[in-house]
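Chemist: Handing you this structure, nothing more for now.
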Amino acid sequence: MKGFRVRRPPTRSQEILPLPLAGPDAVYLLKRSSARRSLALRVSEQGEIAVNAPLRLPRHEVERFLHRHADWLRDRLESVRSRVFQWRDGAELPWLGGRLVLVTLSPGGRPAVRREADRLVCAAEESALAAAVVHWYKREARPLLAERLAHHAARLGRPVPLLRLSDARTRWGSLSPKGVVSLNWRLAKASPEEIDYVICHELAHFRHRNHSPAFWREVERLYPDHVEQRKRLKAEGGRYFEF
């Protein structure tokens, strides 16, 4: 009897290379794999450029591919850069469907952030400003989201599930196989109605672990205004994900 053929894992490599067509200091990550048969170009939400290529494809073929897609690449990079949040005094920060105005102060030690009515006052070095504000959002988001989760669980006569704060870049929430609800801390930027929709969406997954028609009927039962709030999240999501 012939033995089974052992399938070897694909061979992979990667390197960072200059990309002058995207700017004097631009670089891209070239990721090669013996499992690939074609080229693919990707620009992340942070403006990072990556090319996936077959393992043995000559470098000049990769560069020719990049030049063919130069216009798309420049447009994509410009779109990403236009969405980069500008951390400056007076910047508007989304908060619970409204806004806070960022007020920056000279640091007097460790970064400190406090809310004063519709202002968020941050004393921090410029290089630490973003991290300090994000830390404040996460700290505020946990009790806020926990309270709404407990409210809706009680309304449904369900034990309050465990809550995990998520930092996902594309998802508002999820439900783990063990029944842990993950909610994105950026929901603290959304309106209370949008927050309640996401929570009811995840609670509906306790009955339907999919997005079938039955699942959406359950969402409708739990939160009748879900269609409108889903539209609002889709429209405002880009702004909420700026930082």
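Values quoted throughout were computed directly from the atomic coordinates according to the rules given, and no laboratory measurement underlies them. Bear in mind that the values here come from a model prediction, so they are computed numbers and not experimental data. Positions of Cβ are generated from backbone atoms using ideal geometry, with glycine treated the same way; all protein chains shown enter the neighbour counts.
Chemist: Take HIS211, HIS226, HIS60 and order them by how many other Cβ atoms sit within 10 Å, fewest up front.
Modeler: Numbers: HIS211 12, HIS226 20, HIS60 8.
In order of increasing Cβ crowding within 10 Å: HIS60, HIS211, HIS226.
Chemist: Sticking with this structure for a sec: Only counting other Cβ atoms within 10 Å, I'd like THR104, THR11, THR170 sorted with the fewest neighbours first.
Modeler: Values: THR104 19, THR11 11, THR170 8.
With the fewest neighbours first, THR104, THR11, THR170 line up as THR170, THR11, THR104.
Chemist: Test of understanding: ordering TYR28, TYR137 by Cβ neighbours within 10 Å, fewest first, what list do you get? Kindly include the intermediate steps, with their values, before the conclusion.
Modeler: Details: TYR28 22, TYR137 19.
By the 10 Å Cβ count, ascending: TYR137, TYR28.
Chemist: In sequence order, what are the phi-derived ³J(HN,Hα) couplings for region 103-109 according to the Karplus relation 6.51 cos²θ - 1.76 cosθ + 1.60 with θ = phi - 60°, rounded to whole Hz, with x for glycine and proline?
Modeler: Per residue, the Karplus-derived 3J(HN,Hα) values read 10, 9, 10, 5, x, x, x Hz.
Chemist: What's the percent breakdown of Cα-Cα distances in region 79-140 across 10 Å bins, shortest bin first?
Modeler: With a bin width of 10 Å, the distribution comes to 22, 55, 21, 2.
Chemist: Once both axes come from the Cα atoms, what is the angle between helix 192-204 and the longest principal axis of the chain, in degrees from 0 to 90, rounded to 10?
Modeler: That helix lies at roughly 70 degrees to the long axis.
Chemist: Per residue of the chain, what 222 nm ellipticity follows from adding -39500 (n - 2.57) for every DSSP H run with n ≥ 4, rounded to the nearest 500?
Modeler: On the way: 6 runs with 88 residues, N = 243.
Here the helix-only value at 222 nm equals -12000 deg cm²/dmol.
Chemist: If the reach is capped at under 26 angstrom between alpha carbons, list the lysines near LYS178, excluding any in the same chain fewer than eight residues apart.
Modeler: LYS138
Chemist: Read phi for every residue in region 209-220 and hand back ³J(HN,Hα) as whole Hz from Karplus 6.51 cos²θ - 1.76 cosθ + 1.60, θ = phi - 60°, with x for Gly and Pro.
Modeler: Result, ordered by residue: 8, 7, 10, 6, x, 5, 4, 5, 5, 5, 4, 4 Hz.
Chemist: On average, how much area does the Cα convex hull of region 192-234 cover when viewed from any direction, in nm²? List each step's numbers first, then the result.
Modeler: Numbers: hull surface 10.6 nm².
The number I arrive at for region 192-234 is 2.7 nm².
Chemist: Of ARG59, ARG232, ARG115, which is the most mobile in a GNM of the chain whose springs link Cα atoms less than 10 angstrom apart?
Modeler: Maximum among the listed residues: ARG59.
Chemist: For region 1-102, what log10 I(q)/I(0) values come out of the Debye formula at q = 0.17 1/Å, with one point per alpha carbon and no solvent?
Modeler: Each listed q corresponds, in turn, to -0.83.
Chemist: Karplus couplings for region 137-150 from phi (6.51 cos²θ - 1.76 cosθ + 1.60, θ = phi - 60°), rounded to Hz, Gly and Pro as x?
Modeler: Listing the rounded values in order: 4, 5, 5, 6, 5, 4, x, 4, 6, 4, 5, 5, 5, 5 Hz.
Chemist: Take the Cα atoms of region 159-243, find their three principal axes, and give me the spread along each one in whole Å, biggest first.
Modeler: So the three principal-axis extents are 33, 27, 20 Å.
Chemist: Separate question: For the chain, report the convex hull volume of the alpha-carbon atoms normalised per residue, in Å³, without decimals.
Modeler: Working: hull volume 53.7 nm³, N = 243.
Hull volume over Cα atoms, normalised by residue count, gives 221 Å³.
Chemist: I'd like the distance separating the alpha-carbon centroids of region 10-37 and region 215-243, in whole Å.
Modeler: If you average the Cα positions of each part, the centres end up 37 Å apart.
Chemist: Just to be sure I understand: with springs between alpha-carbon atoms less than 10 Å apart, which residue in GLY90, GLY108, GLY47 has the highest mean-square fluctuation in the Gaussian network model of the chain?
Modeler: Greatest mean-square fluctuation among the candidates belongs to GLY108.
Chemist: Another question about this same structure. So how far, in whole Å, is the C-alpha centre of region 39-98 from the one of region 119-181?
Modeler: Centre-to-centre distance over Cα atoms comes out at 28 Å.
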